[in-house]
Amino acid sequence: MSKIAIFPGSFDPITLGHVSIVKRAASLFDKIIVAIGVNSTKSSMFSVEQRKEWIENIFKDYENIEVETYTGLTINYCKKKGAKYILRGLRTSADFEFERGIGQVNFMMEKEIETVFLLTEAKYSPISSSIVRDVYKNGGDLSKLIPAEVIL
Ligand code: ADP
């Protein structure tokens, strides 16, 4: 049975922290789907097409990493894709508290799907997409925050 994990997020834009989690998880699962959640009530800075293209370029040499978009509940999308794992990254205790609620409710709804957490590499723990957007808006240096494939 093939082990498929979904890595859901907004990726607005994808950062070095996200990339590190996906690459480390690539050897733990047969396939990882980086899934951009499209939520009509949440506004984004970058278009979903743009976000998807960046992620595809970053992982173009990885045969077991795919990029897709989805709407609706993550567990429903997992069932559609035959994925039994949801991959998430943990930076801080605040992340843990946030993820705990989502992960426990997802498990309540669907016992067949486990959420798997990887701790961020220490050097990436201060990085978030919202900080990247702020630095970008103010013309700061993004080279230590985002991969070279994200051309802003
Ligand atoms: P969401 O919109 O669900 O918060 P994000 O795109 O912000 O999505 O994040 C997707 C996942 O990546 C989450 O599990 C988040 O905790 C994780 N993540 C975000 N930034 C980092 C980082 N710097 N290091 C490790 N994991 C991260």
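The values are calculated or read from the model by the stated rules, or taken from the named source; none is laboratory data. All figures in this text were calculated on a predicted structure; none of them were measured in a lab. With ideal geometry, Cβ positions are generated from the backbone for all residues, glycine too; neighbour counts draw on all protein chains shown. To get the accessible areas, we keep the full protein, side chains included, count just its heavy atoms, and leave off ligands, DNA and RNA. Shrake-Rupley method; radii C 1.70, N 1.55, O 1.52, S 1.80 Å.
Table for the structure above
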{"quantity": "Rel. contact order, % - alpha carbon contacts under 8 angstrom, at least six apart, the chain", "calculated": "32"}
{"quantity": "Phi to ³J(HN,Hα) by Karplus 6.51 cos²θ - 1.76 cosθ + 1.60 over region 32-39, Hz, x for Gly, Pro", "calculated": "10, 10, 7, 10, 7, x, 9, 10"}
{"quantity": "Distance between modelled label sites at Asn39 and Phe107, nm, 7 Å Cα→Cβ extension", "calculated": "2.2"}
{"quantity": "Zone of Ile151's modelled label, taken as backbone nitrogen in region 14-50 under 19 Å from a point 7 Å along Cα→Cβ", "calculated": "14-16, 46-50"}
{"quantity": "Separation of alpha-carbon centers, region 1-56 and region 118-152, rounded to whole Å", "calculated": "15"}
{"quantity": "Sequence of Tyr70, Tyr85 from largest to smallest accessible area, 1.4 Å probe", "calculated": "Tyr85, Tyr70"}
{"quantity": "Translational D in µm²/s for the chain (Stokes-Einstein at 10 °C, 1.306 mPa s, Kirkwood Rh from C-alpha pairs)", "calculated": "100"}
{"quantity": "Normalised contact order of region 68-152, rounded percent, pairs of Cα under 8 Å and 6 or more residues apart", "calculated": "27"}
{"quantity": "Region 118-135 - phi-based ³J(HN,Hα) in whole Hz, Karplus 6.51/-1.76/1.60, Gly and Pro as x", "calculated": "10, 6, 5, 5, 3, 5, 9, 5, x, 8, 9, 4, 5, 5, 4, 4, 5, 5"}
{"quantity": "Over 31 Å (Cα to Cα) - which of Lys60/Lys81; Lys60/Lys144; Lys31/Lys123; Lys84/Lys137; Lys42/Lys80 fall in this group", "calculated": "Lys84/Lys137"}
